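Q: To start, I am sharing the structure in question, which I have written as structure tokens.
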Amino acid sequence: MNEILSREEVVAARGVKVTFGAVKALDGADLIIHSGECLGLVGHNGAGKSTIVNVINGNLTPHEGTLSYRGGQGEHGIAVARANGVRCVFQELSLCPNLTIGENVRIMHADMKGSRWRGRATSLIQQQLDDIFPGSGIDCTATISELSIAERQMVEIAINFAGVENKPKLVILDEPTSSLDAGLAEQLMDYVRRFVRSGGSVLLISHILGEILSTATRVVVMKDGKVVADRPAPEFNTRSLVETMGSVVKESGWERSQIQRTGQPVLSMPARKGEGHTFEAYRGEIIGLAGLGGHGQTEALLDLYLSRNSNWFPTKHQDIAFVAGDRSLNGTFPLWSILKNLSIASLRDLSNLSLVNHKREDELGDNWKKRIEIRTPNMGNNILSLSGGNQQKVLFARALATTAETVLMDDPMRGVDIGTKQEVYEILRTEARHGRTFVWYSTEMDEIRLCDRVYVFRDGVIHAELVGDDITEQNVLAASFAGEGH
């Protein structure tokens, strides 16, 4: 039965071309997805992944090429895609923040009708959350704005996998674990495998290559708007996948700093809630914040930032910078250009007599465009013209371009490709050697292992401090679940 399903086309894009002005977002790309498979889609930021997703979900009409659903021909559009069972979990979450979870379910599932739809919507999403993320503890009567970014991501995933009368045929997951910790990510990948075994299809886009290799049945690699590889997943490993994308695997290990912690810390915080460890960061250190998502790491970063900055007025000399994790809510200025979004934190250094020196501002933008490879032909373009990963690069460059001696980072690599990550890691270590201090919250263990010291959070409290070679996944997990009998 599953062999028959696997030969059935759910959606097929052939020879698709999409251009935005002089930019070729897609240049003759082919992408065919069958029933009963998880198709992993990888490539650098700006390779065309999000564009082809928008073609498949009906949001974009291709300028050339054909698009068909379940073997049919002709009609395009969001309504047509949904009628054919296509659902999409966007990298930039699309839930209405002023509505409850149940009301968002009703928006996504128009076939939920009748006078008692609220109760049925709440029951539907609760059941789906329990199936995908058992033990999540999310209150399904809550308003979206009350949820953490991880909880919002979980809710949007559950809404799209749910079905009132019929289950979806294809669920597109665009960086679905970008805000989830390792435990929640594994729960989702396990559910994806079950969904695929039952005959459903998943298009999985992720820069976490381990998720692709462990979950996908087939992998497609995109580069510069074209498909450059399409092979069964077992034919790839991490090295070959990275090299196919066009990056070089760096074998050299991360050298932790051998800083002797002397003098006064550049940043400190007493034990939170009067329990656990105090927080200290010294000049030139890279400090990691670890533990299960939603256990107080972001709140700790905000407290550290506000301890040095007014909540209302900018300080005369900025000595601390912040890289937001939720770029759409706290990071980007959506009406501004890429350059303005990058330079906003450096205006004091770019100004003469309170007037911005535009030549110096342009030089700043050009320097960081090259250094961190922001994929745009013009820094004057709107920030939303960039892919999600490239937007995140701009936020990262914004902080590093300042003179701040301390940089706080709230999961800054969300949606950033592996090639850029490697470059950013080198920038971090170089900046740290020159005395800059980084406090880095990450949901990825590979990044936590790169830190000099790590504070593990649980229930809003620092429960453990790990140093050097003691920073391992086993030790982080042990501290995260300490006392719970796991």
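Q: Regarding D190, is this residue in the same structural domain as S50 (by TED's automatic domain parsing), closer than 24 Å to K49 by Cα, surrounded by fewer than 17 Cβ atoms within 10 Å (Cβ to Cβ) and free of Cβ contacts under 8 Å to residues at least 60 places away in the same chain?
A: Working: in the same structural domain as S50 (by TED's automatic domain parsing): yes; closer than 24 Å to K49 by Cα: yes; surrounded by fewer than 17 Cβ atoms within 10 Å (Cβ to Cβ): yes; free of Cβ contacts under 8 Å to residues at least 60 places away in the same chain: yes.
In short, yes.
Table: residues versus (1) of a type in the set (A, V, I, L, M); (2) surrounded by fewer than 24 Cβ atoms within 10 Å (Cβ to Cβ); (3) touching a residue at least 40 places away in the same chain (Cβ under 8 Å).
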site	(1), (2), (3)
G388	no, yes, yes
V394	yes, no, yes
A399	yes, yes, yes
A404	yes, yes, yes
M409	yes, no, yes
I418	yes, yes, yes
V424	yes, yes, yes
R429	no, yes, yes
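Q: Please find, among G58, G46, G36, G71, the residue that is on the phi > 0 side of the Ramachandran plot, within 20 Å of the chain's Cα centre (by Cα) and either assigned to a loop (DSSP other than H, G, I, E, B) or surrounded by fewer than 21 Cβ atoms within 10 Å (Cβ to Cβ) (or both).
A: Working: G58 fails: within 20 Å of the chain's Cα centre (by Cα); G36 fails: within 20 Å of the chain's Cα centre (by Cα); G71 fails: within 20 Å of the chain's Cα centre (by Cα).
When all the criteria are applied, what remains is G46.
Q: Hey, G435 hits all of (1) touching a Phe, Trp or Tyr at 6+ places or on another chain (Cβ under 7 Å); (2) within 15 Å of A321 (Cβ to Cβ); (3) surrounded by fewer than 22 Cβ atoms within 10 Å (Cβ to Cβ) but one; which does it fall short on?
A: With (1) touching a Phe, Trp or Tyr at 6+ places or on another chain (Cβ under 7 Å); (2) within 15 Å of A321 (Cβ to Cβ); (3) surrounded by fewer than 22 Cβ atoms within 10 Å (Cβ to Cβ) applied to G435, the lone miss is (1).
Q: Determine whether G65 is within 21 Å of E211 (Cβ to Cβ), of a type in the set (G, A, S), in a strand (DSSP E or B) and in contact with a Leu (Cβ under 9 Å, 6 or more places away or on another chain).
A: Details: within 21 Å of E211 (Cβ to Cβ): no; of a type in the set (G, A, S): yes; in a strand (DSSP E or B): yes; in contact with a Leu (Cβ under 9 Å, 6 or more places away or on another chain): yes.
No, not satisfied.
Q: Scan the range 249-269 and give yes if some residue there is assigned to a loop (DSSP other than H, G, I, E, B), surrounded by 11 or more Cβ atoms within 10 Å (Cβ to Cβ), at pLDDT 75 or above and not basic (K, R), otherwise no. Walk me through it before giving the result.
A: Taking the range 249-269 and keeping what is assigned to a loop (DSSP other than H, G, I, E, B), we get 249-266.
Remaining after also requiring surrounded by 11 or more Cβ atoms within 10 Å (Cβ to Cβ): 249-250, 254, 256-257, 259, 261, 265-266.
This time we only want the ones that are at pLDDT 75 or above, so: 265-266.
Keeping just the survivors that are not basic (K, R) gives 265-266.
Yes, the range 249-269 contains at least one residue that is assigned to a loop (DSSP other than H, G, I, E, B), surrounded by 11 or more Cβ atoms within 10 Å (Cβ to Cβ), at pLDDT 75 or above and not basic (K, R).
Q: A follow-up question, please. Picking from L41, L26, which residue would you name as being over 28 Å from G199 (Cβ atoms), aliphatic (A, V, I, L, M) and crowded, with 23+ Cβ neighbours inside 10 Å? Even if it seems obvious, please write down each step before you answer.
A: Working: L41 fails: over 28 Å from G199 (Cβ atoms).
Going through L41, L26 in turn, just one is over 28 Å from G199 (Cβ atoms), aliphatic (A, V, I, L, M) and crowded, with 23+ Cβ neighbours inside 10 Å: L26.
Q: Right, here's the next one. Which of the residues belonging to the range 395-443 are polar (S, T, N, Q) and either modelled with pLDDT of 85 or more or more than 23 Å from the chain's Cα centre (by Cα) (or both)? Step through it out loud before you land on a result.
A: So the first thing to find is which residues in the range 395-443 are polar (S, T, N, Q), and the list is 402-403, 406, 420, 422, 430, 437, 442-443.
Of everything in the range 395-443, those that are polar (S, T, N, Q) and either modelled with pLDDT of 85 or more or more than 23 Å from the chain's Cα centre (by Cα) (or both) turn out to be T402, T403, T406, T430, T437, S442.
Q: What tally of residues in the range 1-18 results from selecting those that are at pLDDT below 50 and among the small types (G, A, S)?
A: Initially, the range 1-18 is screened for residues at pLDDT below 50, giving 1-6.
Keeping just the survivors that are among the small types (G, A, S) gives 6.
Residues in the range 1-18 being at pLDDT below 50 and among the small types (G, A, S): 1 in total.
Q: Residue by residue through the range 111-158, note down the ones that are more than 24 Å from the chain's Cα centre (by Cα), farther than 11 Å from I101 by Cβ and either in a helix (DSSP H, G or I) or not assigned by TED's automatic domain parsing to the domain that holds E92 (or both).
A: First, pick out the residues of the range 111-158 that are more than 24 Å from the chain's Cα centre (by Cα): 111-124, 126-127, 141.
With farther than 11 Å from I101 by Cβ added as a condition, the list becomes 111-117, 119-120, 123, 127.
Selection gives W117, G119, R120, S123, Q127.
Q: Could you say whether any residue in the range 316-327 is among the hydrophobic types (A, V, I, L, M, F, W, C), surrounded by fewer than 20 Cβ atoms within 10 Å (Cβ to Cβ) and more than 25 Å from D446 (Cβ to Cβ)?
A: The initial filter retains those residues of the range 316-327 that are among the hydrophobic types (A, V, I, L, M, F, W, C), namely 320-324.
Okay, now just the ones that are also surrounded by fewer than 20 Cβ atoms within 10 Å (Cβ to Cβ), so none.
No, every residue in the range 316-327 fails to be among the hydrophobic types (A, V, I, L, M, F, W, C), surrounded by fewer than 20 Cβ atoms within 10 Å (Cβ to Cβ) and more than 25 Å from D446 (Cβ to Cβ).
Q: For the range 59-78, how many residues meet the condition of being of a type in the set (G, A, S), at pLDDT 90 or above and within 24 Å of H109 (Cβ to Cβ)?
A: Of the range 59-78, the ones of a type in the set (G, A, S) are 65, 68, 71-72, 74, 77.
Then drop every residue that is not at pLDDT 90 or above, which leaves 65, 68.
The next check asks that each one be within 24 Å of H109 (Cβ to Cβ); those that pass are none.
Looking only at that region, the number is 0.
Q: Being surrounded by 13 or more Cβ atoms within 10 Å (Cβ to Cβ) and either of a type in the set (D, E, K, R) or modelled with pLDDT of 95 or more (or both) is the filter here; which residues of the range 114-124 pass it?
A: Of everything in the range 114-124, those that are surrounded by 13 or more Cβ atoms within 10 Å (Cβ to Cβ) and either of a type in the set (D, E, K, R) or modelled with pLDDT of 95 or more (or both) turn out to be R118, R120.
The values are calculated or read from the model by the stated rules, or taken from the named source; none is laboratory data. Quick caveat: nothing in here was measured; it's all calculated off a predicted structure. All Cβ positions, even for glycine, are placed from backbone atoms using ideal geometry, and neighbour counts span all protein chains on display.
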